[in-house]
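What follows is a single structure, written as structure tokens, with notes after it.
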Amino acid sequence: MTSVEDIKRELEYVKTQYGRCVEELKEKGEQLGEKEVELHDLKKNLRQRKYEDESEKNWWLEDMQKLEEEVKELKLDKNELRTSKDRWELQMQKLQNTLMETTKT
């Protein structure tokens, strides 16, 4: 049988991991927001810009594609972090319930 101290230790670990996920999620959200604004501005500039030649236009289009990839990756990272955060949160709830049940008896 698991002791109350073991449960408390595991709960502290899970809370730490959950907190890290929340922080990373916040950071990814900020990065994603910045990149989305940058991408929006770039697309707007692409529509309004007069190009001297086709190579200049291609350069800008390549830049836009790179930004689109970065945004896509950040969205995937954010989704993975959200899933991880949910798992840690569920584990934390289970441990808190186990702790309550263990201390009742």
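Some points to look at:
- Restricting attention to the range 17-62, the residues that are among the β-branched types (V, I, T) and either in contact with an Asp or Glu (Cβ under 7 Å, 6 or more places away or on another chain) or exposed (fewer than 11 other Cβ atoms within 10 Å of the Cβ) (or both) add up to 1.
- Residues of the range 27-63 that are closer than 30 Å to R87 by Cα and either free of Cβ contacts under 8 Å to residues at least 12 places away in the same chain or of a type in the set (S, T, Y) (or both): E27, E30, G33, E34.
- Contact map, the range 12-26: residues that are over 14 Å from E80 (Cα atoms) and part of a helix (DSSP H, G or I) paired with residues that are open to solvent by 30 Å² or more (accessible area, probe 1.4 Å) and of a type outside the set (A, V, I, L, M, F, W, C), Cβ distance under 6 Å, separation 6+ or inter-chain. Pairs shown: V14/Q91.
- Residue within the range 65-86 that is loosely packed, with under 14 Cβ neighbours inside 10 Å and outside any helix (DSSP H, G or I) present: no
- L61 vs. criteria over 24 Å from E23 (Cα atoms), part of a helix (DSSP H, G or I) and in contact with a Phe, Trp or Tyr (Cβ under 9 Å, 6 or more places away or on another chain): no
The values are calculated or read from the model by the stated rules, or taken from the named source; none is laboratory data. None of the values given here were measured: they were computed from a predicted structure. Here the Cβ is made from the backbone with ideal geometry for all residues, glycine too, and neighbour counts use every protein chain on show. The area values use the complete protein model at the heavy-atom level, side chains included, leaving out ligands, DNA and RNA. Shrake-Rupley method; radii C 1.70, N 1.55, O 1.52, S 1.80 Å.
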